Amino acid sequence: MPEPFETRSSGYAYGMVIASPELVKCIAAFNAILCLAPNGIGAALARDIVETGRIIELSKNVVLPHYRRKAEAAVERLSKGLAGLPARIHKPEGAFFLWLWLKDFR
């Protein structure tokens, strides 16, 4: 039976494959290797900030506050939209996603 597999590529594209489990497993393995071994211009551009250690400063002072604001805005919007429903949002803990708990969801 065909099954879906989602693929992402660092900001370039998003796709879904629907195929046999064997083919999906093969594509998933290939995608994992491709994503773990960046060979694009992004890696070359990041080299200097990694080597100098500036990536730590940028992570703490730019990236973290940016995503913290986004998470706070998402929680606020979801909280308003879910008001009165049997659902709750887990406190964001630094990830790029939110956990949404739906009571008795089937």
Item to check | Verdict on Phe96 being in a loop (DSSP other than H, G, I, E, B), modelled with pLDDT under 75 and not aliphatic (A, V, I, L, M) | outcome: yes
Across the stretch 1-24, the tally of residues that are farther than 30 Å from Ala46 by Cα and either at pLDDT below 55 or loosely packed, with under 13 Cβ neighbours inside 10 Å (or both) stands at 8
Among residues of the stretch 96-106 being without any contact (Cβ under 8 Å) to a residue 24 or more places away in the chain and surrounded by 10 or more Cβ atoms within 10 Å (Cβ to Cβ), the residue nearest to Gly42 (Cα to Cα) is Trp99
Scanning the stretch 63-92 residue by residue, those surrounded by 10 or more Cβ atoms within 10 Å (Cβ to Cβ) and either among the β-branched types (Val, Ile, Thr) or not in a helix (DSSP H, G or I) (or both) turn out to be Val63, Val75, Leu82, Pro86, Ala87, Arg88, Ile89, His90, Pro92
Scanning the stretch 53-62 for residues that are in a helix (DSSP H, G or I) and exposed (fewer than 11 other Cβ atoms within 10 Å of the Cβ) gives Lys60, Asn61, Val62
>> With the structure loaded, tell me whether Val50 is more than 25 Å from Pro92 (Cβ to Cβ) and assigned to a helix (DSSP H, G or I) or whether it fails that test.
In response: yes
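The values are calculated or read from the model by the stated rules, or taken from the named source; none is laboratory data. What you see is a predicted model, and the numbers here were worked out from it, not measured in a lab. All Cβ positions, even for glycine, are placed from backbone atoms using ideal geometry, and neighbour counts span all protein chains on display.
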